[in-house]
Every structure is written in structure tokens, then in C-alpha cells.
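Written out below as C-alpha cells is the structure these notes cover.
Read-outs throughout are calculated quantities, based only on the coordinates presented, and are distinct from any laboratory measurement. Quick caveat, the model's predicted, so the values are computed rather than measured. Methodologically, a virtual Cβ is constructed for each residue, glycine included, from the backbone with ideal geometry; neighbour enumeration extends over all protein chains shown.
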Amino acid sequence: MKLIEPIVAQSEAMATIRRDLHAHPELCFAEVRTAERVAALLTEWGIPIERGLGKTGVVGVLHGRDGGACGRALGLRADMDALPMTEANTFAHASRHPGRMHACGHDGHTAMLLAAAQYLARQRDFDGTVYLIFQPAEEGGGGAREMIADGLFERFPMQAVFGMHNWPGLPVGHFAVSPGPVMASSNEFAITIHGKGGHAALPHTTVDPIPVACQLVQAFQTILTRNLRPLEPGVISVTQIQAGEATNVVPDSCTLQGTVRTFSTEALDLIEQRMRELSHQLCAAFGARATFAFRRNYPPTVNSAEEAAFAAAVARAIVGADAVVAQEPTMGAEDFAYMLQAKPGAYVFIGNGDGAHRAAYGPGHDAGPCTLHNPHYDFNDALIPLGATFWVRLAERWLARGG
């Protein structure tokens with residue numbers, strides 16, 4: 001493994017910063033303390049900053065030895081926000097705020113990019129510009145979309161943009177990256193079936209929405225098996241069914257809610273259309289009616305082929321060919337998708353291991369899995385020098401080849 005020695009030398013200091021961020025998690029668009037810490041460090045290292053994009057976002061402008069005169073530029077993005085959940089760990093840097101936790105490793109993503117920024121600012125062994133994008137509100141707030149709406153790519157013109165996420169289960173020292181879709185679109189639906197309530201002992205006088213709901217849940221699965229092309233992935237999950245208040249009353253209505261995930265807009269269009277048609281037509285067949293709402297959240301995260309291949313080559317030069325694998329697409333979603341809709345780029349995964357790193361903290365760390373969005377999760381600080389080295393070599397090589 002070819003790590004950059006000055007980054008390794010600073011790794012404990014960066015881990016301290018990471019643990020401080022972990023202890024003080026902030027939710028989407030409320031990353032005030034985190035943004036202040038990031039801005040102060042970048043300023044200390046001589047990197048000009050812009051603040052306020054996407055409300056609490058920070059962008060560092062790092063020119064190379066030519067002062068950025070050549071015009072080549074790329075963006076490196078880290079997310080900063082935490083999740084609205086209570087941490088179960090009891091080690092020293094556990095969250096000090098009940099109901100808020102860095103359970104997805106955004107504290108580590110921020111630390112890796114900060115470590116790279118520190119090294120690049122000291123060496124400036126490149127021509128062109130590196131834009132350091134510290135993004136708020138990835139966890140459901142669409143912070144990437146908001147930064148773009150605030151002029152991210154107009155104010156900081158770049159030819160490509162890259163992001164990175166830790167991945168539990170992938171061994172430390174490994175990377176995963178693939179061209180094409182790597183994460184799914186995220187969408188929500190809410191369907192209310194309006195029937196006719198009445199006494200449960202006199203069902204013939206009612207239009208019971210609950211059997212209609214049961215039929216509808218089953219019918220949705222035929223969209224995937226009979227309407228969607230067999231080789232096109234898709235998920236329809238009804239995750240909530242809410243109806244009734246008493247055991248002897250047929251309710252007036254029943255509400256279904258859930259999520260839809262796809263890797264293409266075409267598949268999403270088909271699923272939404274068929275769900276809408278089935279909801280109205282099936283309800284009508286039972287003498288009920290439907291109110292249908294469908295909300296599209298994050299689009300699919302789709303890596304451009306050239307940038308994905310380039311990122312993989314950079315990773316192989318650091319950790320060796322055997323430690324760089326193809327990323328199997330996941331039905332999870334990521335708002336870096338908005339940036340990849342606007343610019344060529346790639347989303348890279350770095351192995352977070354199996355959670356054994358938590359043993360160093362002593363008791364209170366080992367109950368439950370160290371998986372994303374789990375109350376026992378913790379970012380592996382061993383990734384900081386590796387991730388920072390990757391960012392540095394990616395920037396240097398990409399700018400050196402002329403973009």
C-alpha cells in the first residue's frame with residue numbers, strides 16, 4: 001500500500017478531528033458547527049473558502065503552483081450531515097446529542113477530504129484548481145441539489161467531480177468502483193383508499209378498504225414481474241399500512257406508504273404509471289376510490305465510464321490490482337447523483353472493514369453490527385490516510401493529464 005508519508009504523519013491529528021465531529025453530529029442544513037470547523041481549518045491552511053452554498057455548505061478553492069491559470073479544475077466532495085437516530089456506543093467520542101448520530105460515516109468523509117486538503121495546500125504539486133466541496137444534507141435533504149441551485153458549478157467551473165463513501169463489509173485497504181449505475185433512485189408513495197365505513201358485523205353495508213389494500217399490495221409486485229423488463233432492476237416496498245381504530249369497526253379509509261427504487265428513469269416512469277393505474281382501477285373495481293401521491297427524491301447515481309475507469313486506475317496504483325473490485329450496484333440512494341447529472345465523474349467506495357476497529361475503544365463498542373445506519377456504527381479511522389492519499393493522487397493525476 002503506497003500511502004503518502006506526510007499524510008500518515010498527520011493521521012492521528014485528523015482522527016482527533018473526526019472523533020470531535022462524531023461527538024457533535026448535526027442534521028441536514030443544521031451543520032453550523034461542522035461547517036465552522038471545516039472553514040476554520042481550510043483558512044488556517046491558506047485555502048480560500050466560500051460559504052453558504054446549500055445553506056451550510058463550504059467550498060475550498062485550492063489553486064496549484066500556476067495559480068489555476070491553466071483552467072483545468074475538478075471537484076472532490078464530502079458530505080457533512082448526521083442521521084436523526086440515537087447512538088448506542090459508549091466510547092469517549094460517542095454522540096453527545098441524543099437523537100443525532102454519525103451512523104453513515106460522513107464525519108470520516110469530511111476528515112479524509114480535510115487531510116487531503118492539508119497536504120495539497122502544503123505541496124501544491126499540480127497545475128490547475130481543486131475545489132473542495134463540503135456538502136450538507138445528504139441524508140434526505142438534497143444538499144447536493146441545493147448547492148447546484150446556488151450556483152456551485154457556475155461559480156466554481158470544473159470539468160469533473162468525484163465523491164467517496166465508506167463501505168462496511170469491504171476490507172480495509174480495498175476500493176470498489178464501477179461505470180454506470182451504482183446506487184438507485186429513491187422515491188416515495190402514499191395511497192389512500194377511500195371506502196365506506198360501518199359495523200364490522202355488517203360488512204355487506206360497507207366498502208371495506210382493507211381487502212382492497214391487500215389486493216393492491218400484491219398487484220404492485222406484478223409490475224416488477226410482468227411489466228418491467230426482466231433484466232431491469234426495480235423495488236416496490238409497501239412499508240406502512242394504516243387503518244382503523246377499533247376491532248369492531250370497518251374503517252372509512254386505509255393508507256399505504258412505501259418506497260420505489262430503480263436504476264433508470266425509464267423504469268421509474270413505468271412503475272409510477274402502473275402504480276397509479278392499478279390504484280385507481282383496482283379501487284374502482286371494489287367500489288372504492290384512490291388518492292395517489294408519488295414523490296421523486298434522489299435520481300440514480302450513475303458513474304461516467306471514463307471517470308470510473310480513471311478512479312479505479314488511481315486506486316490500483318495505491319493498493320494494488322487485487323484490492324480494487326467492481327462495485328455491485330445497491331438499491332440505496334445518494335444525492336451525489338445530482339452532481340453526476342451535471343458533470344462527468346464517479347462515486348467510489350472505500351472499505352470500512354467488519355467493525356473490528358472498535359475494539360480499540362474498549363467496552364461499549366461491540367454490541368450490534370458496524371453497518372451503515374446502525375446505532376453501533378463507527379467510521380474506521382484507518383481509512384483517513386488511505387482515503388486522503390486517494391484524493392491527492394486522483395487530483396494530481398487528473399490535472400496532470402489535462403482533465
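Structural remarks
- Proximal charge balance of Ile133 [Cβ under 15 Å; K/R count +1, D/E count -1]: -4
- 26 Å Cα-Cα reach of Lys55 towards lysines, excluding residues that sit fewer than 8 places from it in its own chain: Lys343
- From least to most packed, judged by other beta carbons within 10 angstrom and beginning with the fewest, Asp381, Asp66, Asp322, Asp81 follow the order Asp322, Asp66, Asp381, Asp81.
- Residue-wise HN-Hα coupling along the range 80-88, computed from phi with Karplus coefficients 6.51, -1.76, 1.60 (Hz; x: Gly, Pro): 10, 8, 10, 10, x, 8, 8, 6, 9
- In the frame of its principal axes, the range 187-296 has Cα extents of 47, 22, 18 Å, reported largest first.
- Under a 5 Å amide H cut-off, with hydrogens placed 1.01 Å from N, Tyr298 pairs with Ser186 among residues at least 5 apart or on other chains.
- DSSP H segments from the chain that extend 27 Å or more along their own axis, Cα-based, with Kyte-Doolittle mean of -0.5 or above: 265-285
- Trp45, Trp398 arranged by Cβ crowding within 10 Å, fewest neighbours leading: Trp45, Trp398
- DSSP-loop GluC sites (Glu not before Pro) across the range 210-302, with at most 12 other Cβ within 10 angstrom: Glu245
- The distance between label points at Arg155 and Glu232 comes to 3.9 nm (points 7 Å beyond Cα on the Cα→Cβ vector).
- Computed on the Cα atoms alone, the convex hull of the range 6-80 gives a volume of 110 cubic angstrom per residue.
- Beta bridge orientation in the chain: antiparallel %, DSSP, nearest 5: 65 percent
- Residues whose placed amide H lies under 5 Å from that of Ala82, excluding near-sequence neighbours: Glu26, Leu27, Cys28
- Extended-chain gain in nm, criterion 0.36 nm per residue less alpha-carbon gap, Arg296 and Asn248: 13.5 nm
- Backbone HN-Hα couplings from phi across the range 286-295 [Karplus 6.51/-1.76/1.60, Hz, Gly and Pro as x]: 9, x, 10, 9, 10, 10, 10, 10, 9, 10
- His165 long-range amide H proximity, modeled H, under 5 Å: Val348, Phe349, Ile350
- Using θ = phi - 60° and Karplus 6.51 cos²θ - 1.76 cosθ + 1.60, couplings along the range 144-153 (whole Hz; Gly, Pro as x): 4, 4, 5, 5, 5, 4, 7, x, 3, 7
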